[in-house]
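Written below as structure tokens is the structure these notes are about.
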Amino acid sequence: MSIADLELKRLRLAYEEERTWHAAKDRIAEKLLEGKIAESNLQFQGKLIDMENMKQAMLNLLEDSKILEDKLAEEKRSVELKVVERTQELKEAQARLLASIESLSFGFIIADVNDRVIIKNAAISSILELTEEPTSVQAIVDSFKGVASGLDVLTHSCRECIDLKKVVELQEISHGKKYLRVFCSPVIVKNENAPDTEEKAIGYVVLIEDITEARIMQRSRDEFFAVASHELRTPLTAIRGNADMMLEMYADKIADNDMKEMLQDINLSSVRLISIVNDFLEVSRLEQGRFEIKKETFNVSEVIEKVLRNLGAMVGQKKLSITYTAQTFPLPSVYADKNRTEQILVNLVGNAVKFTRDGGITVTASIMDGFIGIRVIDTGAGISEQNQALLFRKFQPAGDQTLARDVTQSTGLGLYISKLIISSMGGAIGLEKSEPGKGSTFFFTLPVSSAS
Amino acid sequence: MEMSRMYERAFRLNKHEVALAYDGESAQSDLSTMEEVPAAILLDIGMPRINGFDLLLAIRKNPRYKDVPIVVLTNSFYTEDEERFLSAGATLYLIKIDSQPKDIVAKVEALIHRSADQEGRKVVQ
């Protein structure tokens with residue numbers, strides 16, 4: 001036998017002895033717990049076993065396992081409690097969701113991929129005047145067979161929204177005497193366990209809005225607008241035109257001073273009424289967003305100079321200095337609507353002339369970070385602080401009311417119109433500063449043309 | 001009516017000869033039987049029977065009238081109309097309420113001078 005073999009044998013024996021020792025210890029511990037071994041000390045293969053010690057160790061172990069069991073039970077209870085809580089929460093969330101869906105003025109349907117209606121609200125039945133509970137979108141469409149309804153495209157649109165996984169909108173569908181707007185939107189679910197796989201459409205939502213009322217409103221607004229522009233402006237044109245012609249062409253025949261004055265008053269009143277009607281129409285068109293902005297690249301200096309040149313009639317008897325200075329020559333071109341820019345300038349400079357008795361009006365143009373800023377500075381009446389906040393509102397004259405009444409006749413729409421126009425051109429307008437008795441500075445900005 | 005009368009008067013007082021038609025249909029038949037080609041045509045947008053736009057297209061189609069200045073008069077507030085009429089062959093597009101009769105006469109006279117046709121006849125309406 002080699003030394004290595006001897007060593008191996010010794011190791012094997014030691015291992016066997018160790019195993020037997022442990023097995024014996026376990027057996028003795030069992031017996032001890034069963035009360036079958038009373039002795040406190042035992043001899044085993046020459047080793048002294050401290051039974052008390054062992055018993056304590058076993059009891060500790062049992063104690064530990066009992067604690068573990070309790071812990072487990074407690075854990076289980078808390079999980080059960082949480083499940084109950086979550087179920088309640090889910091129920092509440094569902095109730096909230098269903099209540100929201102039910103309260104929608106839109107008709108609402110959720111259908112699965114097989115077109116079966118899963119959730120729907122009452123509005124769908126009232127909007128479409130359904131007599132039966134809808135079971136599928138196809139059934140709804142079928143129930144209108146033979147009725148003049150554009151809803152027959154609905155099935156196709158729902159299919160399209162599921163297949164392409166995108167919202168399909170049907171702007172204006174006629175349905176009997178009604179007009180409807182319809183949205184089909186897919187219900188998409190992403191697989192959490194396989195984030196790389198494609199999203200799946202598990203159904204779709206159909207929203208149906210009754211836009212009949214809105215359409216009637218829009219049409220009556222349009223009709224009002226057309227009627228107002230033609231029927232209101234046409235007689236005014238005749239009044240003004242004829243009064244103007246009488247004063248122009250029959251001046252020699254109107255010898256009577258009173259008669260001449262009466263004619264002049266008719267003329268002036270018609271001019272004033274025309275400007276009111278025009279302002280109202282302008283506001284109505286701007287507010288509805290139904291107007292065209294024709295943007296072009298142009299030199300704003302030319303427009304300013306033109307407006308100031310044509311100002312003579314407005315200045316009248318007043319001795320006012322009117323100047324224009326530009327920061328640099330030439331100024332970069334702006335990109336805006338030229339006629340609209342002129343309109344805003346006429347408004348601002350016109351106000352300045354109205355409210356200024358002595359001194360003058362200065363217009364300046366300067367470059368400010370992608371914009372041209374135009375200031376209209378006057379040495380006029382100024383505006384009190386409380387009225388400053390009200391400027392640019394509808395029916396708010398540019399100056400103080402008390403002054404406005406005797407100095408000007410205004411609809412109070414000029415600044416409001418200017419604001420609506422300037423915001424649609426991408427600029428800003430405002431009052432920079434004003435001091436009663438010293439004057440006001442108004443400004444507006446226009447975007448610099450990228451071509452310059 | 002009072003509108004047409006006003007413009008008729010304005011032109012007459014400025015020594016022009018005027019032929020009036022009160023709707024698109026009679027304007028069209030008047031034009032087809034007219035011996036002389038008018039120096040200018042004034043056209044209202046909102047006419048009964050044939051509207052101003054269709055009449056404009058019809059007039060421009062006729063080779064006899066293809067070079068006659070046509071002035072469109074309207075009180076429409078829709079700025080889109082201007083482009084529509086100008087591209088359909090109108091020479092000038094005027095908003096009635098913004099133009100005094102004497103200004104309209106002056107503008108039409110300028111157009112007549114430009115087209116070097118001095119016949120001094122107009123069709124109003």
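Can you compute the helix-only [θ] at 222 nm over chain A? Use -39500 (n - 2.57) per DSSP H run of at least 4 residues, normalise by all residues, nearest 500 deg cm²/dmol.
Values: 14 runs with 226 residues, N = 452.
Dividing the helical sum by the residues of chain A leaves -16500 deg cm²/dmol.
With 10 angstrom as the radius, rank A:L68, A:L415 by how many other C-beta atoms surround their C-beta, starting from the fewest. Each step should come with its number before you reach the end.
On the way: A:L68 10, A:L415 25.
Least to most surrounded, the residues fall as A:L68, A:L415.
Where a ≥ b ≥ c are the square roots of the eigenvalues of the C-alpha gyration tensor, would you call the stretch A:247-368 rounded, which needs a/c under 1.5, or, failing that, prolate if a/b is larger than b/c, or oblate? Intermediate results must be reported in sequence, preceding the final value.
Numbers: a/c = 2.70, a/b = 1.55, b/c = 1.74.
Verdict is oblate for the stretch A:247-368.
I need the trypsin sites (Lys or Arg not before Pro) found in the stretch B:1-92, filtered to DSSP loop residues with at most 10 other beta carbons within 10 Å of theirs. Write down the numbers at each step before the final one.
On the way: sites: B:R5, B:R9, B:R12, B:K15, B:R49, B:R60, B:K61, B:R64, B:K66, B:R84; in loops: B:K15, B:R49, B:K66.
Sparse-neighbourhood loop trypsin sites (Lys or Arg not before Pro): B:K15, B:K66.
Provide A:S321, B:S4 in ascending order of the number of other Cβ atoms located within 10 Å of each residue's Cβ, fewest first. Kindly include the intermediate steps, with their values, before the conclusion.
Values: A:S321 10, B:S4 17.
Starting with the residue having the fewest Cβ neighbours, the order is A:S321, B:S4.
Could you tell me which of rounded, prolate or oblate describes chain B, using a ≥ b ≥ c as the square roots of the eigenvalues of the alpha-carbon gyration tensor, with rounded for a/c under 1.5 and, failing that, prolate when a/b is larger than b/c and oblate otherwise?
On the way: a/c = 1.24, a/b = 1.05, b/c = 1.18.
Judged from the Cα gyration tensor, chain B comes out rounded (a/c under 1.5).
If I fit a long axis through the Cα atoms of helix A:51-103 and take the longest principal axis of the Cα atoms of chain A, what angle between them do I get, 0 to 90°, rounded to 10?
30
Would you mind computing, in nm to one decimal, how far apart the modelled labels at A:I322 and A:E89 are, each placed 7 Å from Cα along Cα→Cβ?
In this crude label model, A:I322 to A:E89 measures out at 7.2 nm.
For every helix of n ≥ 4 consecutive DSSP H residues, a contribution of -39,500 (n - 2.57) applies; sum these over chain B, divide by its total residues, and give [θ] at 222 nm rounded to the nearest 500 deg cm²/dmol.
On the way: 5 runs with 54 residues, N = 125.
Using -39500 (n - 2.57) per qualifying helix, the result is -13000 deg cm²/dmol.
Among A:S269, A:S301, B:S87, which comes first, then next, by fewest other beta-carbon atoms within 10 Å?
Details: A:S269 13, A:S301 19, B:S87 8.
Result, fewest neighbours first: B:S87, A:S269, A:S301.
Would you work out the relative contact order for chain A, in percent, from Cα pairs under 8 angstrom that are 6 or more residues apart? If you can, show how the numbers build up before the last one.
Details: 605 pairs, mean separation 37.5, N = 452.
Reported as a whole number, the value is 8 percent.
The numbers here are math on the coordinates, done by the rules we state, and not lab data. Computed from a predicted model, the values in this text were never measured in an experiment. All Cβ positions, glycine included, derive from the backbone under ideal geometry; neighbour counts span all protein chains shown.
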